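The values are calculated or read from the model by the stated rules, or taken from the named source; none is laboratory data. These numbers come from a predicted model, not from an experiment. Methodologically, a virtual Cβ is constructed for each residue, glycine included, from the backbone with ideal geometry; neighbour enumeration extends over all protein chains shown.
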């Protein structure tokens, strides 16, 4: 009987160890929804890095990327405004290191020319 408990405990430990890196360091993650073409995903890491991965845009085009805390006490608090450029396939891969660092916001949102997302915390 002890052998079965030991084996089950080992299995649960392995499952936990494999699952932990998948969520490690991510404060928020959400899908990016666009009017017409385009879709993607946005992640805000615990370190404040904002990572945007999207596709379906015009190739080699410049887009505006904006991030804001929508429920800040004095109104929306913008933490990111930058130009984002798509590649030759119309994909956008942008990382803004530390853009949301130090901001305590339970309701961040990121927008890109006709696309927007809302977040729900993973915590």
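Restricted to the stretch 48-60, and to residues that are at negative phi and surrounded by 13 or more Cβ atoms within 10 Å (Cβ to Cβ), which residue is modelled with the lowest pLDDT?
57
Residues in the stretch 57-95 that are within 12 Å of residue 112 (Cβ to Cβ), assigned to a strand (DSSP E or B), free of Cβ contacts under 8 Å to residues at least 40 places away in the same chain and within 19 Å of the chain's Cα centre (by Cα): how many?
So the answer is 6.
Looking at (1) in contact with a strand residue (DSSP E or B) (Cβ under 6 Å, 6 or more places away or on another chain); (2) modelled with pLDDT under 90; (3) surrounded by fewer than 15 Cβ atoms within 10 Å (Cβ to Cβ), find the lone condition where residue 74 falls short.
(1)
Can you name the residue in the stretch 40-56 that is without any contact (Cβ under 8 Å) to a residue 24 or more places away in the chain and closer than 15 Å to residue 117 by Cβ and is also nearest to the chain's Cα centre (by Cα) among such residues?
Only one residue tops the list, namely 43.
What is the one condition in (1) surrounded by 11 or more Cβ atoms within 10 Å (Cβ to Cβ); (2) in a strand (DSSP E or B) that residue 103 does not satisfy?
All conditions pass for residue 103, except number (2).
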